[in-house]
Amino acid sequence: MSVPQETVNRIARELFEAKRDVHTVPYVSPQLPERDLDAAYAISAEFAALRERELGVKRVGRKVGLTNPLVQQRVGIDEPDYGVIHDDMVHASGTHLPLSRYNRLLIEAEVAFVLKSDILEATREAVEAAIDHVTPAFEVVDFRYDGSVGQIVDTIADNAGCSGVVLGEEQHPYGEVDLTKVEMVITGGGTEITRGVGSNVLEDPVNAVIWLAGTAIRTGEPLRAGEVLLSGSIGYIEPWPADVECVATITGLGRVVATANSKG
């Protein structure tokens, strides 16, 4: 990493305060060497550490994003990224999210994996053996920037845009449903927002978990028992409509429900 630690700390502090106080900051990318992913992940790690030190939150999961070629094409990025899920970011199906807590709330739906054991080897066999169950989920997406996603380093530094997760109503054993063939539809107030199929996510959502497991091992933070893992958007990421019930259904897995409230 070619960026001084004080620069990493300063940018992480700016992102932390922007999330805490709900405001935007300039893009990170002009402040870093082009595509310096190590620096971006260092900022993201310090951003997460600040939340843990100053807010007392605990890591309960990870998310992998930009796994869907449709999403990659839309934002001009060609590789996945990952972020951290803290305990204050997890919501049950049926939750109401105050829009006042977010800059520009976006909605996406995906398969969430919950682990029953640590993953210390990034093989398909080891990953599948560690999965306790799967469930539909919304990722609550919000960036600290005033505009589009930006470059890959902007996304990574800002915790890959992850501001929360809403977990589905049903839990299913892994392998009960062929995740490559599931169909996902999100509706808001009965109007379709986006749809997709499981194979959009690196051809199989579990491949996203395998990628994440390998990345986590390389960075010295392997995936642990009990963690919730978001595997990436099956459809497009879209603006979250206000004051209507949003429902995502994934065939064979059930549904997840949440409402973004403009008041409160």
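The values are calculated or read from the model by the stated rules, or taken from the named source; none is laboratory data. Please read these numbers as outputs of a predicted model, since none were measured by experiment. Neighbour counts run over all protein chains shown; Cβ positions are idealised from the backbone, glycine included. These accessible areas exclude ligands, DNA and RNA; they are computed on the full protein's heavy atoms, side chains included. Shrake-Rupley method; radii C 1.70, N 1.55, O 1.52, S 1.80 Å.
A few remarks follow.
- Helical contribution to [θ] at 222 nm, DSSP H n ≥ 4, -39,500 (n - 2.57), averaged over the chain, rounded to 500: -8000 deg cm²/dmol
- About the centre of its Cα atoms, the chain shows a dipole size close to 480 debye [charges on the beta carbon of Lys, Arg (+1) and Asp, Glu (-1) only; nearest 20 debye].
- Antiparallel beta bridges, as assigned by DSSP with both residues in the chain, represent about 80 percent of the total such bridges.
- The phi-based Karplus calculation (6.51 cos²θ - 1.76 cosθ + 1.60; θ = phi - 60°) puts the 3J(HN,Hα) values of region 221-226 at 10, x, 5, 10, 3, x Hz, whole numbers, x for Gly and Pro.
- The value of relative contact order for region 54-142, using C-alpha pairs under 8 Å at least six residues apart, is 25 percent.
- In this Cβ point-charge picture (+1 for Lys and Arg, -1 for Asp and Glu), region 1-156 has a dipole of about 420 debye about its Cα centre.
- Protein accessible area in region 164-215, 1.4 Å probe - carbon and sulfur %: 46 percent
- Maximal additional length on extending the residue 21-residue 58 stretch stands at 11.4 nm, based on 0.36 nm per residue less the C-alpha distance.
- Label of the coordinate-derived value, Cα Rg over 2.2 N^0.38 Å, listed as [x] 1.19; [y] 1.38; [z] 0.94: [z]
- Across the cross-link table entries 116/181; 63/116; 63/263, which are compared at the Cα atoms, the separations over 21 Å belong to 116/181; 63/263.
- Calculated from backbone phi, Karplus (6.51, -1.76, 1.60) coupling profile of region 240-251 in Hz, x at Gly/Pro: 7, x, 7, 6, 10, 6, 9, 10, 10, 10, 10, 4
- Per residue value of the accessible surface for the chain (all protein chains in place, 1.4 Å probe), Å²: 42 Å²
- Integer Hz, Karplus 6.51/-1.76/1.60 couplings in order for region 119-126, x for Gly and Pro: 10, 10, 9, 8, 10, 4, 4, 5
- Label-point gap, in nm, between residue 128 and residue 183 - each point 7 angstrom along Cα→Cβ: 2.6 nm
- With the charge dipole of region 59-261 set up from +1 on Lys and Arg Cβ and -1 on Asp and Glu Cβ about the Cα centre, the Cα lying farthest toward the positive end among the listed residues 156, 230, 185 is that of 156.
- Taking every alpha-carbon pair under 8 Å whose residues sit at least 6 apart, the chain reaches a relative contact order of 27 percent.
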